[in-house]
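Taking it in order: structure first as structure tokens, then the write-up.
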Amino acid sequence: MKKIDLIGTRIPNLRAMRREKVPLWVALILKNQDKCNIVPPKWLNVIYLKEKYEEEIKKPTQFSDIPWNWLEMSKILLSKAPDDLQDSSHDIRSILQDLREVRLIKSRKGLKELNESNIQLSGLSLMEINEIRPFVLPVMNKLRQLHDTVLKHKESGNIEENSDDED
């Protein structure tokens, strides 16, 4: 196939039995036509994913460093190109599910630290952020409203601050 210039990217000349770096969507089209094999990312193997799982368990307050789009990439490659993976797709799915569950538990625990002005989401992937967004945004808005109401009442003198009060 001859090279193609697209907006934002270029697909190089493609020849049989030669590796080329192309966008994932192009690789999926070619894979669907049985014209290529996809080389999976280095991190999509059982050994690496088990290491990350162990890291997640050992550090209960931190998220391990996993690629930004690990959920999307793994789902696509497991469904569209399982024969191109070096490990069995069943083993990869299993460890991905374990990793996903432990990260979900950690993100839910982290929501306890939520306040009206800040939430720390470092280490979460795009999909994980989007999964908790419908819950977090309304809660933060309510917390902000409560915080503003308390400040207004303090300024007007309707609420007395008591340093001896432990509530």
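Only the coordinates and a few stated rules stand behind these numbers; no lab work does. In this text, all values refer to a predicted model and were calculated from it rather than measured experimentally. Reconstructed Cβ throughout: ideal geometry from the backbone, glycine too, with neighbour counts over all protein chains shown.
Descriptive notes on the structure:
- Here residue 108 and residue 2 are evaluated by their C-beta separation; at R0 = 35 Å the FRET efficiency comes out at 0.10.
- Amide H to amide H, with H built 1.01 Å from N, residue 4 comes under 5 Å of 11, counting only residues 5 or more places away or on other chains.
- Per-residue ³J(HN,Hα) for the stretch 10-20, Karplus 6.51 cos²θ - 1.76 cosθ + 1.60, θ = phi - 60°, Hz, x for Gly and Pro: 10, 9, x, 4, 10, 10, 4, 6, 10, 6, 9
- Here the extension length gained between residue 48 and residue 24 equals 6.5 nm, from 0.36 nm per residue of separation less the Cα-Cα distance.
- Rounded FRET efficiency, nearest 0.05, which uses the C-beta distance separating residue 154 from residue 84 and R0 of 41 Å: 0.10
- Note on residue 127 and residue 101: the model spin-label points, each 7 Å out from Cα along the C-beta direction, lie 1.7 nm apart.
- Couplings 3J(HN,Hα) for the stretch 35-48, derived from phi with the Karplus relation 6.51 cos²θ - 1.76 cosθ + 1.60 (θ = phi - 60°), are 10, 7, 10, 9, 8, x, x, 4, 7, 8, 8, 4, 4, 4 Hz, where x marks Gly and Pro.
- Take 7-19, 73-85 and order them by the average number of nearby Cβ atoms within 10 Å per residue, most first; the result is 73-85, 7-19.
- Note, ³J(HN,Hα) from phi for the stretch 85-94, Karplus 6.51, -1.76, 1.60, rounded to Hz, x at Gly and Pro: 7, 6, 9, 5, 5, 5, 5, 5, 4, 4
- In the stretch 1-117, Rg over Rh equals 1.09, where Rg is the alpha-carbon radius of gyration and Rh the Kirkwood radius from pairwise Cα distances.
- Förster radius 45 Å - calculated FRET efficiency between residue 34 and residue 61 (Cβ-Cβ, nearest 0.05): 0.45
- Greater than 18 Å apart at Cα, pairs in 31/80; 35/80; 52/80; 75/106; 21/52: 52/80; 75/106; 21/52
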